[in-house]
Structure formats: structure tokens, C-alpha cells
1. Can you tell which of Val36, Val42, Val22 is in contact (Cβ under 8 Å) with a residue 40 or more places away in the chain, open to solvent by less than 10 Å² (accessible area, probe 1.4 Å) and closer than 16 Å to Tyr130 by Cβ?
2. In this structure, does Gln18 turn out to be polar (S, T, N, Q) and touching a Cys at 6+ places or on another chain (Cβ under 9 Å)?
3. Among the aliphatic types (A, V, I, L, M), over 30 Å from Arg212 (Cβ atoms) and open to solvent by 30 Å² or more (accessible area, probe 1.4 Å): is that true of Ile143 in this structure?
4. Inspect all residues belonging to the stretch 122-133 and state whether any of them is charged (D, E, K, R), at pLDDT 90 or above and farther than 18 Å from Gly191 by Cα.
5. Go through the stretch 188-200 and report how many residues are touching a residue at least 40 places away in the same chain (Cβ under 8 Å) and either under 23 Å from Ile12 (Cβ atoms) or open to solvent by 60 Å² or more (accessible area, probe 1.4 Å) (or both).
6. Residue by residue through the stretch 233-269, note down the ones that are touching a residue at least 40 places away in the same chain (Cβ under 8 Å), out of contact with any helix residue (DSSP H, G or I) (no Cβ under 6 Å at 6 or more places or on another chain), open to solvent by 10 Å² or more (accessible area, probe 1.4 Å) and part of a helix (DSSP H, G or I).
Amino acid sequence: MSAHNDHNGPKIIAIANQKGGVGKTTTTINLGAALVERKKRVLLIDLDPQGNASTGLGIDQDKREATTYDLLSGDVTIEKAIQNTDIKHLDIVPATTDLSSADIELIDNQKRSFLLRDVLRNLPAEVQGYDYILIDCPPSLNILTVNAMVAAHSLIVPLQSEFFALEGLSQLILTVRDVRQTANPDLRIEGIALTMYDKRNNLSLQVEDDARENMGDMVFETVIPRNVRVSEAPSFAMPVLSYDSNSKGSIAYRALAKEVIKKSEKVRA
């Protein structure tokens, strides 16, 4: 597929699933950290009003002066909104609860679905040089998620290894299809990442079998295990790769980053 034709710009990936609690923010933060370990420069866009990605990367509430809400409203430029994190080459545009009113406030804006795309696809010279932009989407298919899909080259869908996991996926795929037809014909699903996976649990194995049978190559080879260190890391405001570099979670996210880079390079070639 002709996905990422603007070769010089960063690869924009939205991490999306309308279900909450599937490891979306965890995947965004840790994939970002793992890409940086592989010498990539990463910008994270926190598009979730809960702002968990911002908190998980150590950006305190009182330090979030310019946010994704301000960016979408046109009140600040992206160079003013970007903040450094404690991890070199991993930057963030943070979010606050202000973002939760975006649906209502943008309703009359004719270009409401294209606001993020206009910003991210036309980065000013001062903020160029990123290899990847990762967008952490809210757990719903609202105007914010649509903005992310319109702006992105591709999607990563974290899928919790639990009953009914695949049922929610069909709604997401329908939304992707709509966005392709109306606003972003090149949008594709980069991959489905199985999260919170427990190989001792028959249900995890069954969900994996079903996902691979129904989605084939779309499912990443890497599965993200259920891992205490992954759960603990956000309370220390750091990715698991910094918190416990040798944990099973860290190893898995490194493997996922490797797969993402490999897929990206194949598309660019």
C-alpha cells in the first residue's frame, strides 16, 4: 500500500482502541522509549483528556502550560507546545482535562477532523527531525480519535487478551474504513498488539489464536506480557524500560519497536 509517501517527514502512528484499559497509553509510552533506544527521535502527542501519557512521562499538571487542546484550538504553535521529557529524544505535547470539551467546542468548525493533520503534516523547521510521532488516543471513537486517524499514516491497535476483545475491533475497523473513504485514503493498520498476555492462561492463548486466524499478518509477532513492572512504572513517572530495563515488559516493547521499524522501512522502500 502507498502509505507513507512524504519520505522526509516523520512516520505518524496513532495508538487507538475505543475500549479503555487495554494498555494503550502504556504501549504509547514504552514503544516511544524503545524507539529512542534504537536511535530514533520521537514526539508523543497526548490526545487523551486523562493525560496519563503526560503523567507517565513525568510532566506534572502545573507544568502543562501549552497542551494539545491549545494546539487544536489554534491558540499555540506546535513549537510552543512541545516539552522535553527526562528521556533524551522523547518529547511530548501534554494533555489536560480541557481536552474533554473538544467535541462540543469543535462542532461548528468545518475543518474539525483535519486540525491535527494540518499541524503534524506541516511541521515548521524548528521542530523537524523526528523519526516518529506517536499519538495516544482517548478510549472512544470521538472527534479526537478521528483527528488522530486523519493525521496518521497508520494505527497500532492494542488488544487485551481477554474475552470479547475481538468484538470491539470490528467497530474500530469500520471507523478506519470511514476515515479512508472521507479524509485519509492512505491510512492503514500498522498492526494489532496483544497486551496483558498470560501464556499460562488458556483465554490468552485462545484470543491469540482467534486474532491470528482472523487478522493474519496484521497481528504483531510480539506479545506484551502481563507484567508487574509494566504496571508499577507509571507511578514512578517513567517507562518500564527506564524503571526495570531487564523486565519481561521491557524486552517485549523492544521487540515491538523492532517490528515497527522493520514495517516502516518496508513501506518507505
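The values are calculated or read from the model by the stated rules, or taken from the named source; none is laboratory data. Remember, it's a predicted structure, so these values are computed and weren't measured experimentally. Neighbour counts run over all protein chains shown; Cβ positions are idealised from the backbone, glycine included. We work out accessible area using only protein heavy atoms, side chains counted, and drop any ligands, DNA or RNA first. Shrake-Rupley method; radii C 1.70, N 1.55, O 1.52, S 1.80 Å.
1. Working: Val36 fails: open to solvent by less than 10 Å² (accessible area, probe 1.4 Å); Val22 fails: closer than 16 Å to Tyr130 by Cβ.
After applying the criteria, what remains is Val42.
2. Working: polar (S, T, N, Q): yes; touching a Cys at 6+ places or on another chain (Cβ under 9 Å): yes.
Yes.
3. Values: among the aliphatic types (A, V, I, L, M): yes; over 30 Å from Arg212 (Cβ atoms): yes; open to solvent by 30 Å² or more (accessible area, probe 1.4 Å): no.
Here the answer is no, as Ile143 does not meet what is asked.
4. Checked against the condition, which is being charged (D, E, K, R), at pLDDT 90 or above and farther than 18 Å from Gly191 by Cα, the stretch 122-133 yields at least one hit.
5. First pass over the stretch 188-200, keeping only residues touching a residue at least 40 places away in the same chain (Cβ under 8 Å): 188, 190-191, 193, 195-196.
With either under 23 Å from Ile12 (Cβ atoms) or open to solvent by 60 Å² or more (accessible area, probe 1.4 Å) (or both) added as a condition, the list becomes 188, 190-191, 193, 195.
Residues that pass the stated criteria total 5.
6. Across the stretch 233-269, the qualifying residues are Ser242, Lys258, Glu259, Ile261, Lys263, Val267, Arg268.
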